[in-house]
Structures are given as C-alpha cells and as structure tokens.
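Encoded as structure tokens, the structure appears first; notes follow it.
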Amino acid sequence: MRLWSLHPAHLDGKGLVACWRESLLAQAVLGGRTRGYRSHPQLVRFRALDDPLSAIGAYLTGLAAEATARGYRFDRDRIVQPARHRDGGDDLGDVPLMPVTDGQLAFEWSHLGRKLAGRSPEDTERWRASDPAPHPLFDVVPGRIEDWERP
C-alpha cells in the first residue's frame, strides 16, 4: 500500500488508479470494515488524527479531482466522508492539513522516479521536468524521512 504524499498530478495513470484502490482499502481499514492491513505503517499518520475517516476522505477527494481532470471516472460515492473542494481547486475545505516532512517528500519523489523509469518513459520525462509538490491534504514541514516509512 502506498498512500503518496506527492500531488496526484505527479502520478502516471497506473499509479493514480493504484493509489485510488489502495486508498479505498485504507478507508475500509480506518473505518473498521476489514481485518487486513490493520497494522500497515502508511496508516500511522491518519490514525494519529482526531478524525482519520475525514482525512482519508479528503485524500480520496484529491485523487478523484485529479482523475476527473484527466478524464477518468472514479466513483466518488465510495468516499465515506468526502471533502468539499472550494472553487474546483486543490483547497479541501475545512479539513485540517496534515504535516509531511520535506525529507519524506524527497524520498517519495525519488521512489516515484524509479517507478516511472521502469514503466512509463513519457511520464519519466514529465517527472524530470517538474518539482515535487504535495497532495493538497499535506503541509510540508522541515524534517527527515517519516518514522513510519519503510525504505
């Protein structure tokens, strides 16, 4: 399971679809609707919040917005607690931003580059020409790779 801290615009099509499916699984885990993946380290940061379902809903809303921008049709009805986008942009309404370290973002950026190099030359070129930006749910703070990451 990879719940990217990176903005979904950086993901290739396969990565975006995989992240959607894995995030729906994370939503089920956080909502107590499945037994698998309960100890997955990617969920630590969501569980630390007062309202994990609202946060994963905002995360999924950000993915769905990117999918719509690309012409994909993700079923938004599957989001238990969707965030309300304002003005069609990245603003996720009243959902508090989650911190992510710049070290974590840099780690994920490199990880994504390796994945793209192996499966998508066009997206690799786009990746090389851009700089990492976070998913709209995250606020970048100084720090090293997150403790929950398994490099």
Quiz item: Under 8 Å by Cβ, and 6 or more places apart or on different chains, what pairs join a residue from the stretch 123-142 that is farther than 30 Å from Leu49 by Cα with one that is surrounded by fewer than 18 Cβ atoms within 10 Å (Cβ to Cβ)?
Solution: Thr124/Gly113; Thr124/Ala117; Trp127/Gly113; Arg128/Gly113
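From the list Trp20, Trp4, pick out the single residue that is surrounded by 15 or more Cβ atoms within 10 Å (Cβ to Cβ), in contact (Cβ under 8 Å) with a residue 12 or more places away in the chain and part of a helix (DSSP H, G or I).
Numbers: Trp4 fails: part of a helix (DSSP H, G or I).
Exactly one residue qualifies, and that residue is Trp20.
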Quiz item: In this structure, does Ala26 turn out to be over 25 Å from Trp148 (Cα atoms), open to solvent by less than 40 Å² (accessible area, probe 1.4 Å) and touching a helix residue (DSSP H, G or I) at 6+ places or on another chain (Cβ under 8 Å)?
Solution: no
Exercise. Being small (Gly, Ala, Ser), more than 22 Å from Arg126 (Cβ to Cβ) and at pLDDT 95 or above narrows it down to one of Gly71, Gly31, Gly103, so name that one.
Key: Gly103
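The values are calculated or read from the model by the stated rules, or taken from the named source; none is laboratory data. All of these numbers come straight from a predicted model, not from anything done at the bench. Virtual Cβ from ideal backbone geometry, glycine too; neighbours counted across all protein chains shown. Note: areas computed on protein heavy atoms with side chains; ligands, DNA, RNA excluded. Shrake-Rupley method; radii C 1.70, N 1.55, O 1.52, S 1.80 Å.
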